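Scroll down for the structure; my scribbles are underneath it.
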Amino acid sequence: MTTLNRAAAEAMAGLDIHGLTDVTGFGLLGHSREMAMASGVTLEIESGLVRFLDGALEYAHAGAIPGGLINNRDFVASCVEGSGFDELLYDPQTSGGLLAALSEKDATEFARRYPAAYRIGHVTERGAKPLRIQ
């Protein structure tokens, strides 16, 4: 959210991108749902690997959450398997971050080219739900 997408997009040049979206008003889980549903797979997200802006968790836990988060949660929750993750994964106040699905080889190459990138999960065959949060 603090960096433009241009450098990340340039670092992806020539890689085999299976899915890509910018995470905006539907939050990480809303966009993850769309990718999983369109591809017929399950995205397994390790919630502990997701990075938040400094102070975001403290504000959210103090009750400062937008109505859009509730709307996103109401829309996406039926597609999510797992519990105990932070509800900020539904937060619509995101802008600029990219969610990309790449092969293991290309993900490694992308991380080499663009060190700010990090992994938050992986893709599996479709399970009971399109999203599994751990």
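The values are calculated or read from the model by the stated rules, or taken from the named source; none is laboratory data. As the structure is a computational prediction, the values presented were derived from the model and not from experiment. Don't worry about glycine lacking a Cβ; one is built from the backbone with ideal geometry, like all the others, and counts go over all protein chains shown.
Within region 112-129, residues that are surrounded by 10 or more Cβ atoms within 10 Å (Cβ to Cβ) sit with their Cβ atoms under 9 Å from residues that are outside any loop (DSSP other than H, G, I, E, B) and of a type in the set (Phe, Trp, Tyr), at 6+ positions apart or across chains, in these pairs: Ala117/Phe110.
Condition check: in contact (Cβ under 8 Å) with a residue 60 or more places away in the chain and either over 16 Å from the mean Cα position of the chain (by Cα) or farther than 17 Å from Arg132 by Cβ (or both). Does Gly63 satisfy that? So that I can check it myself, show each step before the final result.
Numbers: in contact (Cβ under 8 Å) with a residue 60 or more places away in the chain: no; either over 16 Å from the mean Cα position of the chain (by Cα) or farther than 17 Å from Arg132 by Cβ (or both): yes.
Judged against the criteria, Gly63 is not a match.
All conditions but one from (1) modelled with pLDDT of 90 or more; (2) under 21 Å from Gln134 (Cα atoms); (3) not aromatic (Phe, Trp, Tyr) apply to Ala11; the one that does not is (2). The residue that is surrounded by the most Cβ atoms within 10 Å (Cβ to Cβ), counting only those in region 2-58 that are basic (Lys, Arg) and touching a Phe, Trp or Tyr at 6+ places or on another chain (Cβ under 9 Å), is Arg33.
Exactly one residue among Gln134, Gln93 is surrounded by 13 or more Cβ atoms within 10 Å (Cβ to Cβ) and under 13 Å from Val50 (Cα atoms), and that residue is Gln134.
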